Amino acid sequence: RQAVASWPCLQAAGIGAATRKRRWVYSPKSYEAGTPRMSLMWNARGVAYWTDGGTDERIIWGTGDGYLIAVDAKTGRPCEDFGENGRVDLTIGIPRAKRGEKDELGALLYSMASPPIVIGDVVVTGSSISDRRNVIETPPGDVRGWDARTGAPRWAFDTITHRGDLGNARGGTRDGE
């Protein structure tokens, strides 16, 4: 048995439950992209665990630079069959989310700090967006579901209503037209 902890700089580590010794550490090197969004700067709030019920066990978490990471729970190595080399770019498919774009204070506009939730074979993610930038061009904080094995998108819940949707008083579109 082991525990998994999220560490500063958005790293994860496997810790032996009985020995309390570190078994592995994985760093997605999120710091290379620059400062994450406005709060919690370099910390993740936790990780999720997924298993196929057999031998495949994964630790999954989001990063300050907007990636969803999956590593083998036993070794800490990236799951090569999950997205591209163990990571999914969460900015893809989010309107107005541009990889690497920063606000006026130099923080990235889109990231993920809260742990994902695993339901069956679906990894559910929220998002963290810069609330200092109070303009319509800010990326929306959509909730999405991902295939736990491949990282492929399964579904999305739009948190911003679209033209014609109940509750859309401005009549705008998803792309801000």
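Here is how the numbers come out for the structure above:
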quantity: Solvent exposure, largest accessible area first (probe 1.4 Å, DNA, RNA and ligands not counted), of 58, 22; calculated: 22, 58
quantity: Under 9 Å, Cβ to Cβ, from residue 99 - net charge with Lys/Arg +1 and Asp/Glu -1; calculated: -2
quantity: Calculated FRET efficiency for the pair residue 56/residue 114, C-beta based, R₀ 22 Å, to 0.05; calculated: 0.35
quantity: The range 65-111: relative contact order as a whole-number percent, Cα under 8 Å and 6+ apart; calculated: 36
quantity: Over the range 69-152, relative contact order from alpha-carbon pairs under 8 Å, at least 6 apart, %; calculated: 27
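The values are calculated or read from the model by the stated rules, or taken from the named source; none is laboratory data. Because the structure is predicted, anything quoted here is derived from the model rather than measured. Because the Cβ atoms are built from the backbone with ideal geometry, glycine has one as well, and the counts that use them run over all protein chains shown. All accessible areas refer to the heavy atoms of the entire protein, side chains included, with ligands and DNA or RNA removed. Shrake-Rupley method; radii C 1.70, N 1.55, O 1.52, S 1.80 Å.
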